[in-house]
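Note sheet for the following structure.
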Amino acid sequence: MRRLEGRVAIVTGSGQGIGRGIALVYAREGAHVVVAELKEHRARRTADEIASEGGSALPLAIDVSRREQVERMVAATVERFGRVDVLVNNAQGMHAHKPFEEITDEDFDIFLISGLKGTFWAMQAAFPPMRRQGGGRIINFVSLNALNGAPGLADYNATKGAIGALSRTAAREWGKHGILVNCIAPGATSKRTIEFFERNPQMAEHIREQRPLGRLADPEQDLAPVAVFLASDDAHFVTGQTYFVDGGAYLT
Ligand SMILES: NC(=O)c1ccc[n+]([C@@H]2O[C@H](COP(=O)([O-])OP(=O)(O)OC[C@H]3O[C@@H](n4cnc5c(N)ncnc54)[C@H](O)[C@@H]3O)[C@@H](O)[C@H]2O)c1
């Protein structure tokens, strides 16, 4: 029996990286997946991959930095599939690392609006259908960096810390509606991170030597199974938690 059979899941930023991995594995577990992604060609690519495996996907080109587009994402999902069971707020706009004193308002807004506001708007938009259905699952993306103050990322770290606070508050307010809200803090992964480590080999070496499991994460093999668990019946008594799926990086 597949664990998400017939469920309807929106995964933002699922054109590549972690979001793509979750979208593919959700579809293999029987979910109808809405591939909500800024870049249209990436949305189509992931949806095509799902279809080629016999899964069900709806590609949607949307920018989570725009409230009206986030609302359209949820409306299009309900229109197509009749409900929203799972919302994964994975999308996050990025810019290059900068020292604290050089971060501009425009830099800060790239993180804050796509990450925090995008997550907030999507949660608000998904609330009415989830309440109507008698429940739902929301999975938000945070980072260990918000706790350990990783240098060069003050605006990113602040955004991820705020998403954690938003999630815990919603978990308390919406538990009575059966809406469970949890967070995943992934271990270092993705093309962009791997490229960063290629430019900074001493940091890759540090990971290999210091981290308990000594390697980068694979989105499909290492991260998606936890996202499946949080969306599944097995997690029916879990809310307000943050899962550090990071091979033990939390300890280092
Ligand atoms: N990769 C890591 O090592 C790592 C570590 C900790 C936390 N995270 C978090 O995990 C999540 C996924 O990270 P990733 O490395 O897979 O990212 P990524 O940059 O590889 O992929 C993000 C995807 O989101 C899309 N996207 C960006 N802005 C968007 C917007 N405004 N609207 C819709 N889609 C948008 C991009 O086009 C891209 O396809 C992010 O929230 C990130 O902050 C990642």
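Mind checking which aspartates and glutamates have their C-alpha under 12 Å from LYS191, skipping anything on the same chain fewer than 8 residues away?
Straight-line reach from LYS191, under 12 Å: ASP218.
Quick query: amide H of LEU58 versus all other amide H atoms, modeled in the peptide plane; which residues come in under 5 Å with a sequence gap of 5 or more or a different chain?
Residues meeting the amide H criterion: VAL33, VAL34, VAL35.
Quick one: which residues, 5 or more positions from VAL245 or on another chain, have an amide H under 5 Å from its amide H? H modelled 1.01 Å from N in the peptide plane, none for Pro or chain starts.
Correct list: ALA185, GLY187.
So which aspartates and glutamates can LYS98 reach, going by Cα to Cα under 20 Å and dropping same-chain residues fewer than 8 places off?
Qualifying aspartates and glutamates at Cα under 20 Å: GLU106, ASP107, ASP109, ASP155, GLU195, GLU198.
Please report the spacing between the Cα centers of segment 10-66 and segment 156-205 in Å, no decimals.
Computed from Cα coordinates, the inter-centre distance equals 19 Å.
In terms of modelled amide H atoms, which long-range or inter-chain residues lie less than 5 Å from the amide H of SER14?
Correct list: ALA36.
In whole Hz, what ³J(HN,Hα) sequence does segment 232-242 give by Karplus (6.51, -1.76, 1.60; θ = phi - 60°), x for Gly and Pro?
Calculated HN-Hα couplings, in order: 9, 4, 4, 9, 5, 10, 10, 8, x, 9, 10 Hz.
Taking only DSSP H segments of four or more residues, each worth -39500 (n - 2.57), what value at 222 nm results for the chain once the sum is divided by all its residues, to the nearest 500 deg cm²/dmol? Walk me through the numbers on the way to the answer.
Values: 10 runs with 116 residues, N = 252.
Rounded to the nearest 500, it is -14000 deg cm²/dmol.
Using DSSP to call loops (not H, G, I, E or B), can you name the trypsin sites (Lys or Arg not before Pro) in segment 8-47 whose Cβ has at most 14 other Cβ atoms within 10 angstrom? Please list the in-between numbers first.
Values: sites: ARG20, ARG28, LYS39, ARG42, ARG44, ARG45; in loops: LYS39.
Of the trypsin sites (Lys or Arg not before Pro), the ones in loops of segment 8-47 whose Cβ has at most 14 other Cβ atoms within 10 Å are LYS39.
Run the simple label-point estimate for PHE237 and MET94 please: 7 Å along Cα→C-beta, distance reported in nm.
Roughly 3.8 nm, to one decimal.
Percent relative contact order of segment 25-178, based on C-alpha pairs within less than 8 angstrom and at least six residues apart?
Rounded, it is 21 percent for segment 25-178.
Treating cross-link reach as a plain straight distance, find the aspartates and glutamates whose alpha-carbon is under 15 Å from the alpha-carbon of LYS39, omitting any fewer than eight places away in the same chain.
Within the straight-line cut-off, LYS39 pairs with ASP48, ASP63.
What residue among LEU147, LEU116, LEU230 has the largest mean-square fluctuation in a Gaussian network model of the chain, using Cα springs under 10 Å?
LEU147
FYI, it's all coordinate maths here, none of it is from the lab. Predicted, not measured: the structure shown is a model, and the values here were computed from it. All Cβ positions, even for glycine, are placed from backbone atoms using ideal geometry, and neighbour counts span all protein chains on display.
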